[in-house]
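Participant: A single structure is presented below for examination.
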């Protein structure tokens with residue numbers, strides 16, 4: 001399945017080439033902030049989705065030599081996973097001069113990745129790279145994903161807190177009522 005995806009995206013030979021992905025740890029994070037353009041994949045070697053995405057990511061890294069492609073193992077580098085709010089594996093974040101400009105959560109097709117990269121870096125694809133297919137904008141939720149947004153007013157926090165207190169009161173009533 002992965003080989004078929006790579007062939008469709010024109011990445012079969014690129015993935016077979018030597019890996020251009022740099023493995024980083026929390027201590028080496030400064031390499032990302034120092035690079036003008038960086039793409040960082042947060043993964044776990046035990047995650048089957050991370051393993052499925054690895055050849056696609058390595059193939060794309062070979063196509064963009066002017067961009068730093070890095071990978072961070074979240075099992076070993078917990079600090080950056082927390083700072084970057086990683087909740088799904090694999091997660092790819094696009095950085096420009098150390099500032100996150102976009103992200104893709106979960107395994108995606110190569111065309112989705114290229115579209116997200118073009119959007120984040122505000123540049124076209126390199127010469128010889130396949131043109132990205134139409135894809136949802138980076139950050140657009142896919143079907144079946146939970147989207148959480150922060151309340152926009154203090155009243156929403158108060159109402160949420162009141163609901164939580166009411167729920168606790170109801171639970172306490174049923175747990176501690178006399179028989």
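Participant: Would you mind classifying segment 34-92 by shape? Square roots of the alpha carbon gyration tensor eigenvalues, ordered a ≥ b ≥ c; an a/c under 1.5 is rounded, otherwise it is prolate if a/b is larger than b/c and oblate if not.
Facilitator: Verdict is oblate for segment 34-92.
Participant: So between residue 79 and residue 26, what do we pick up on full extension, going 0.36 nm a residue minus the alpha carbon distance?
Facilitator: Residue separation times 0.36 nm, minus the Cα-Cα distance, leaves 18.4 nm.
Participant: Can you pull the one-decimal nm distance between simple spin-label points at residue 88 and residue 33, each 7 Å off the Cα toward Cβ?
Facilitator: So the two model labels end up 2.8 nm from each other.
Participant: Once R0 is set to 35 Å, what does the formula 1/(1 + (r/R0)^6) return for the Cβ-Cβ distance between residue 96 and residue 177, expressed as a FRET efficiency to the nearest 0.05?
Facilitator: Computed FRET efficiency for residue 96 and residue 177: 0.05.
Coordinate-derived values only; no laboratory data. Since the structure is predicted, the reported quantities are computational estimates derived from the model, not experimental observations. Positions of Cβ are generated from backbone atoms using ideal geometry, with glycine treated the same way; all protein chains shown enter the neighbour counts.
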